[in-house]
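Undergrad: Right, I'll just put the structure down here and ask away after.
The values are calculated or read from the model by the stated rules, or taken from the named source; none is laboratory data. In this text the structure is predicted, and so the values were computed from the model without any measurement. Using ideal geometry, Cβ is built from the backbone for each residue, glycine included, and neighbour counts are taken over all protein chains shown.
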Amino acid sequence: MADPGPGPSTGLRERTRSSPLGNLVVLAVVTALILGAAWWLNQGSASGAGSAVDVPAAAGPAPEPGGPAPGFAAMTADGAAVSLEALGGKPVWLSFVATWCASCRSEASDVEDAARAADGQVEVISIYLGEDANTVGSYAERLEATHLQVPDPDKAIASRYRIMSVPTHVFIDAQGRIHSTHTGVMTRAAMDETLRDVLSASGG
């Protein structure tokens with residue numbers, strides 16, 4: 001029986017391989033697939049869901065809205081002492097972030113603008129998970145940040161607040177109770193609205 005020879009699909013593949021235009025088409029398809037996969041993988045960050053972090057487990061119950069905010073004492077990136085106890089009587093906004101976090105960078109200017117707009121009525125503190133003072137200081141300088149910048153190199157503060165991803169925002173009223181939390185990127189409008197609510201709950 002005679003060999004029927006290569007079928008139509010085999011011949012097409014051979015012509016595609018030997019054709020410069022065919023090679024370009026194949027390259028374009030492969031590139032599109034790679035870019036599509038990268039887009040899909042980055043949707044968590046782009047949608048504001050944030051980035052997961054590995055934080056040591058802490059003893060005791062997890063903090064919840066309405067309950068007391070866990071206390072902490074730390075040093076800012078420029079060497080000043082800061083503690084939640086010392087800020088008693090004023091609402092506090094803790095923004096847990098990292099310099100490598102794309103979602104954190106995307107909202108950094110809004111956090112700074114909201115902090116300035118609060119005009120000292122709320123103490124705004126950005127807490128950097130697993131990063132040292134030099135890294136945080138350099139980053140904050142590029143941002144021209146005026147609110148408190150606190151390195152959390154051993155993630156001790158993040159552990160107390162059971163932080164699972166960055167950015168995560170914790171709002172504390174003037175009585176030292178957790179008013180609310182938000183995981184992921186916040187819009188500027190949401191920041192301003194939450195700060196108004198916290199001030200109202202604090203009697204401001």
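Undergrad: Report every pair of residues separated by at least 6 positions or lying on different chains whose Cβ atoms are under 6 Å apart, first residue within the stretch 118-134 and in contact (Cβ under 8 Å) with a residue 60 or more places away in the chain, second of a type in the set (Phe, Trp, Tyr).
TA: Short answer, once both residue conditions are applied: VAL122/TRP93.
Undergrad: Taking the options ASP78, ASP113, name whichever one is under 26 Å from ARG188 (Cα atoms), of a type in the set (D, E, K, R), surrounded by 10 or more Cβ atoms within 10 Å (Cβ to Cβ) and modelled with pLDDT of 85 or more. Even if it seems obvious, please write down each step before you answer.
TA: Working: ASP78 fails: under 26 Å from ARG188 (Cα atoms).
Unique residue meeting the criteria: ASP113.
Undergrad: Residue by residue through the stretch 112-152, note down the ones that are on the phi > 0 side of the Ramachandran plot and out of contact with any Pro (no Cβ under 7 Å at 6 or more places or on another chain).
TA: Selection gives ASP119, GLY120, GLU144.
Undergrad: Can you find a residue that is modelled with pLDDT of 95 or more, on the phi < 0 side of the Ramachandran plot, in contact with a strand residue (DSSP E or B) (Cβ under 6 Å, 6 or more places away or on another chain) and surrounded by fewer than 21 Cβ atoms within 10 Å (Cβ to Cβ) anywhere in the stretch 154-164?
TA: Checked the stretch 154-164: no residue is modelled with pLDDT of 95 or more, on the phi < 0 side of the Ramachandran plot, in contact with a strand residue (DSSP E or B) (Cβ under 6 Å, 6 or more places away or on another chain) and surrounded by fewer than 21 Cβ atoms within 10 Å (Cβ to Cβ).
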